[in-house]
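A short worksheet on the structure shown next.
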Amino acid sequence: MVRILFLGEVTGRPGIAALKAGLPSLKQELNIDYTVANAEGMTNGFGLGKQHSLQLAKLGVDLITGGEKLFYKIDMVDFIAHASFILRPANYPPSCPGRSYRIVTLKDRKFLFVSLQGNALLTRQNLQNAFSSADLLLKKLTEKEPGIIPIVIFHAAATAEKRTMFFFLDGKAAALIGTHTKVISADETVSEKGLAYISDNGRVGSFMSVGGFDPATEISKLRSQLPVRSQECWDDGMIQGTVVTIDEESGRSTAIERVMRRVQIRRPEAHDEKGSNDSAS
């Protein structure tokens with residue numbers, strides 16, 4: 001059996017602190033073979049910088065995915081072309097830099113990891129249809145690599161769109177993991193055909209927060225309608241995500257379980273903080 005840990009969105013410095021505090025022991029306890037993380041909110045909650053992506057790899061994450069915020073930090077535009085451990089969505093335009101899939105071998109079986117972004121509600125980007133992109137890419141790669149086990153990370157705002165993708169990919173993939181909302185859902189399931197699914201696998205960082213951000217600031221923004229910048233929150237550290245167990249012989253998932261592990265995090269002292277918004281913490 002192959003056990004893959006899918007971490008929720010790593011949000012800001014609290015997310016980094018939570019991984020430092022709990023990821024090594026969590027991987028050992030759960031007997032994890034491969035780790036995937038959504039990290040498009042790792043750098044100050046908005047985007048992913050080069051140094052933070054490298055730090056995430058050092059912390060034990062094998063593969064990084066993202067969606068509409070992935071290129072918010074300008075250095076990622078050039079860096080992603082050289083970083084095989086970072087995936088951008090497959091339905092972005094062909095001229096967009098970076099890779100949309102990765103093939104890895106786990107316990108003598110090849111696994112295909114694919115990143116996609118939804119079309120519903122995320123209206124500021126003009127993307128190819130996620131369903132058509134999934135169909136074309138999976139057909140192409142499974143024909144090229146017979147017996148490969150596909151896994152899809154679907155970054156989408158609408159639960160209905162993610163649930164529809166679940167039925168669309170049933171029998172074509174071993175896992176479909178939803179991201180974007182940073183709120184872990186309670187609908188994890190494995191279909192009769194062996195597709196493991198969850199609508200959203202949550203976040204890594206502060207649990208008692210608004211998507212990882214300070215509640216007081218978010219309340220002020222909604223009450224005043226002023227464009228106040230969100231502030232990170234350090235209350236109640238937690239690592240959220242899911243573990244999917246896949247039978248490498250059949251290529252089908254046998255189990256999916258939610259992970260919600262509280263860890264101790266603390267706000268750095270002022271003299272410990274880096275001056276750059278994109279420096280590793």
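Quick one: in the stretch 118-134, of everything that is over 11 Å from ALA90 (Cα atoms) and among the polar types (S, T, N, Q), which residue is surrounded by the most Cβ atoms within 10 Å (Cβ to Cβ)?
Step one: of the stretch 118-134, the residues over 11 Å from ALA90 (Cα atoms) are 119-126.
Narrowing the set further to residues that are among the polar types (S, T, N, Q) leaves 119, 123, 125-126.
Numbers: ASN119: 20, THR123: 8, GLN125: 13, ASN126: 7.
Step by step, filter the stretch 118-134, then rank; the result is ASN119.
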Residue ID - surrounded by the most Cβ atoms within 10 Å (Cβ to Cβ), chosen from residues in the stretch 174-205 that are of a type in the set (Gly, Ala, Ser), in contact with a helix residue (DSSP H, G or I) (Cβ under 7 Å, 6 or more places away or on another chain) and not in a loop (DSSP other than H, G, I, E, B):
GLY205
Filter result (crowded, with 17+ Cβ neighbours inside 10 Å and either at positive phi or of a type outside the set (Gly, Ala, Ser) (or both)) within the stretch 206-215:
PHE207, VAL210, GLY211, GLY212, PHE213, ASP214
Only residues that are β-branched (Val, Ile, Thr), in contact (Cβ under 8 Å) with a residue 40 or more places away in the chain and not in a strand (DSSP E or B): list them for the stretch 221-271, please.
VAL263, ILE265
Residue in the stretch 64-73 that is closer than 19 Å to LEU5 by Cα and touching a helix residue (DSSP H, G or I) at 6+ places or on another chain (Cβ under 8 Å) present
yes
Does LYS144 fit the bill of being more than 24 Å from ASN201 (Cβ to Cβ), among the basic types (Lys, Arg) and surrounded by fewer than 19 Cβ atoms within 10 Å (Cβ to Cβ)?
yes
List the pairs whose first member sits in the stretch 120-146 and is at positive phi, whose second member is part of a helix (DSSP H, G or I) and at pLDDT 95 or above, and whose Cβ atoms are under 9 Å apart, counting only residues at least 6 apart or on separate chains?
LEU121/GLU161
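The values are calculated or read from the model by the stated rules, or taken from the named source; none is laboratory data. Please read all numbers here as calculations on a predicted model, not as lab measurements. Note: ideal-geometry Cβ built from the backbone for every residue, glycine included; neighbour counts use all protein chains shown.
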